[in-house]
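Only the coordinates and a few stated rules stand behind these numbers; no lab work does. Being a predicted model, the structure only gives us computed values, none of them experimental. We place every Cβ from the backbone using ideal geometry, glycine too, and count neighbours over all the protein chains shown.
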Amino acid sequence: MTRLHLSQLTLSHFRSHKRAAIDCDTRPVAVFGPNGAGKTNILEAVSLLSPGRGLRRSSAQDMTRRPEALGWKVTALLHGPEHTNELELWSEGGAARQTRIDGKAAAQTALGRIARVLWLIPAMDRLWIEGAEGRRRFLDRMTLSFLPEHAEHALGYEKAMRERNRLLKDMVREPSWYLALETRMAETGAAIHAGRLQALAAIDVAQSQAETAFPAATLELQCDMPPDASDLRAALADNRQRDLAAGRTLIGPHRADLYGVYAAKDVPARDCSTGEQKALLVSLILANARALAVEFGAPPLLLLDEVAAHLDATRQAALYDEICALGAQAWMTGTGPEMFAALGARAQRLEVTETSGISQIEIR
């Protein structure tokens, strides 16, 4: 199986990294060092090689190194199932992020066609017990990994909904103002819903066919909306009076939620222990990666920030075994090299330290 991997990654004035150059092979990358040294910043840079705002959802301005605030640049050499691509991402003076692929300007959505990137970060540990927005975002990242066009559908839907909501807040009642917007929302909304269901089906198959040390999750998309575009358009029109009273759109895929159950115990994920919730998340990321290895022709890049911190030694070793068996280049962070001892020679190691506000990276 061809491995999707980075062989070169450079950071310039990105977060705490004034200048960093990393050369690596196809093996997992274990990044270790003290808290605040800049480990997660490396993973964030890699996350920008996929559509969206990255694993922290930060603005381009927030990513620039202080106090210079000159802007930042990330370059990478990405090897995929069929091609090798040179990627450049940068921002100048806090302006919107720009992208070049093989020297040519490209939209962010184009990154989804040449790379697949999945991540698990500590902020996601509360996924099952916080609001639906985070679970929708998690689901949409999974969907985007299978269907790059999902990003365009989501952008189209959000744009049309914002304009419709503006009309609602202004108490515009003339139907003709809404028709084109609701048609666009219905078309993209139906595509979003269908894409989410397709992704959940792929995850379900990947979980059922795998033997793993991590518990399987049964997932259900909860969304009170007609899945057909014509029916959704009619529902939006019928719901205008209610939406006018609320000042916003009350039906559609933006109101969906992801419901998870610990399958073996038949316990809702939100009622599981902290350790079980973490294990369920790891299970879903691994299932997503296995499904992508079939769909895309190669396992995705995995970004696992402090993933071993809440896993016992047995599950840490099991996680590393599964990553290596999958053949994924996983970028993992931890506070010390001992957290990756079970990987042995199967991983390459980077030590990150910080001196006078500047992060430094050394190969160990």
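Computed values, structure above
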{"item": "Cβ-derived FRET efficiency at R0 22 Å, GLU130 paired with GLN222, nearest 0.05", "result": "0.90"}
{"item": "Ratio Rg/Rh [Cα only; Rh per Kirkwood] for segment 241-332", "result": "1.14"}
{"item": "Selected from GLY134, ALA151, TRP72, residue furthest toward positive end of dipole (segment 55-202; charges at beta carbon)", "result": "GLY134"}
{"item": "Whole-angstrom gap from segment 137-181 to segment 329-364, using each part's C-alpha centre", "result": "41"}
{"item": "GluC sites (Glu not before Pro) lying in DSSP loop within segment 82-146, provided at most 10 other Cβ fall within 10 Å", "result": "GLU82"}
{"item": "Antiparallel content of DSSP bridges confined to the chain, in %, to 5", "result": "75"}
{"item": "Cβ-defined net charge surrounding PHE14, 15 Å radius [Lys, Arg +1; Asp, Glu -1]", "result": "+4"}
{"item": "Packing-based order for 202-212, 178-188, using average beta carbon neighbours within 10 Å, highest first", "result": "178-188, 202-212"}
{"item": "Phi to ³J(HN,Hα) by Karplus 6.51 cos²θ - 1.76 cosθ + 1.60 over segment 338-353, Hz, x for Gly, Pro", "result": "5, 5, 10, 4, 5, 7, x, 7, 6, 10, 9, 10, 10, 9, 10, 10"}
{"item": "Relative contact order (%) - criterion: Cα under 8 Å, at least six apart; region: segment 46-106", "result": "26"}
{"item": "Residues whose placed amide H lies under 5 Å from that of LEU303, excluding near-sequence neighbours", "result": "LEU118, TRP119, LEU120, TRP331"}
{"item": "Segment 148-232 - Rg over Rh from alpha carbon coordinates, Kirkwood radius", "result": "1.15"}
{"item": "Burial ranking of peptide ranges 252-260, 104-112 (average Cβ count within 10 Å, highest at the top)", "result": "252-260, 104-112"}
{"item": "Extreme residue, positive dipole direction of the chain, given options TYR259, PRO81, VAL31 (C-beta unit charges)", "result": "VAL31"}
{"item": "J(HN,Hα) series, segment 255-268, from Karplus relation 6.51 cos²θ - 1.76 cosθ + 1.60, nearest Hz, glycine and proline x", "result": "9, 6, 9, 10, 9, x, 10, 5, 4, 5, 9, 6, 10, x"}
